[in-house]
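Below: the structure, in structure tokens.
The values are calculated or read from the model by the stated rules, or taken from the named source; none is laboratory data. Note that the structure is predicted; figures quoted are calculated from it, not measured. FYI the Cβ positions are ideal-geometry reconstructions off the backbone, even for glycines, and counts take in every protein chain you see.
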Amino acid sequence: MSTGLKYRFDQFEADVRAAELLRSGTRLKVQMQPFQVLVALLERPKEVVTREELRLRLWPQDTFVDFDHGLNTAMVKLREALGDSASRPRYIETIAKRGYRFLGEVAQSGDIPVSASASAAPVAQPVPPASLPPATVAGASATPLEASSGAETELPRASRRTSQMLLILVQIMYLIFYVSALFDWQQLHRASFMLWPGGGIVVFSIYLVTALVGVAVRLYLITATSFDYHLLHDKYRVLFPWVFPLDMIWAAAPLLLADRMGWGLALGATAALVYLPFAQRVLVRMIRQAV
């Protein structure tokens, strides 16, 4: 890092020597790690800076830290300081599973464009196609890394906070179902026998037990999402095979109320609830993407 430099973009100025970020002359409160990430991106505007490069820059190789969580947190704080958005980036673009790229026009101290100084560096000559492996030449535009990244970019675009709020609201809805069933278990017992006179006790037992389990599951997901738990995606992937049948059981819950709400409305509500497990999975992936 060249400590004598100042980088300017729009109304922002990054003073490397003072480790300060200013907006229209006003100093912004930015911690050191987010500032170092910003400088790394400003040094190479319009280029992809990989997560591994940022790891080596921020943490020495003998430092044992949760790198992914640390970098994600630093990026969230940096975007907040810049007023930027991961879903609609103005300054910092996320390159899925690879790194980040600074999109704005950057000038060094003395109004010297960074791109001008970078152009003086020797340009690597392209490797002749004949020297590349056949698989590389034929599928140069679809490497495994890019293919896996493409799956993430197919997700809907929304801010991290919006995705988190939607996921929390779904969990609260399920909690209301569970608590209502437990609070008025006599009505649940009556509805179970009305739905299936010969096996009402089985239906009643299933809904009673799954409501108790469901309360714990929903409280965990609400807490993990609210505190922006960095392993939420991995944990949910483990939980999904167990949460899915739980959600399918409660997707049929409107049928217990068919005598009061009508079969048409009960079937429509069931269809909507069948969709929710898949919607939750998409929301968890969107939260991970919007870093």
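Only one entry of LEU155, LEU188 meets the criterion of being outside the structural domain of VAL282 (by TED's automatic domain parsing) and at pLDDT below 95, and that entry is LEU155. Contact annotation: residue pairs with Cβ atoms under 6 Å, 6 or more positions apart or on different chains, pairing a residue in segment 59-70 that is within 17 Å of THR94 (Cα to Cα) with a partner that is of a type outside the set (Phe, Trp, Tyr) and modelled with pLDDT of 60 or more, are PHE67/ARG55; HIS69/HIS230.
Does ALA181 meet the test of being under 23 Å from the mean Cα position of the chain (by Cα) and not hydroxyl-bearing (Ser, Thr, Tyr)? Criteria not met by ALA181.
Taken over segment 242-278, the residue count meeting the criterion of being under 22 Å from the mean Cα position of the chain (by Cα) and farther than 15 Å from ARG218 by Cα is 2. I'm trying to understand the selection: among the residues of segment 193-235, which are of a type in the set (Phe, Trp, Tyr), farther than 30 Å from SER163 by Cα and at pLDDT 95 or above? The one that is of a type in the set (Phe, Trp, Tyr), farther than 30 Å from SER163 by Cα and at pLDDT 95 or above: PHE204.
Flag: PHE183 matches the condition of being more than 19 Å from ARG160 (Cα to Cα) and surrounded by fewer than 13 Cβ atoms within 10 Å (Cβ to Cβ). Of all the listed residues (ASP234, ASP259, ASP228), the sole one being in contact (Cβ under 8 Å) with a residue 40 or more places away in the chain and exposed (fewer than 14 other Cβ atoms within 10 Å of the Cβ) is ASP259. Tallying residues that are assigned to a helix (DSSP H, G or I) and surrounded by fewer than 17 Cβ atoms within 10 Å (Cβ to Cβ) within segment 28-50 yields 1. Evaluated against (1) surrounded by 13 or more Cβ atoms within 10 Å (Cβ to Cβ); (2) free of Cβ contacts under 8 Å to residues at least 40 places away in the same chain; (3) within 16 Å of GLN164 (Cα to Cα), ALA251 falls short on exactly one condition, (3).
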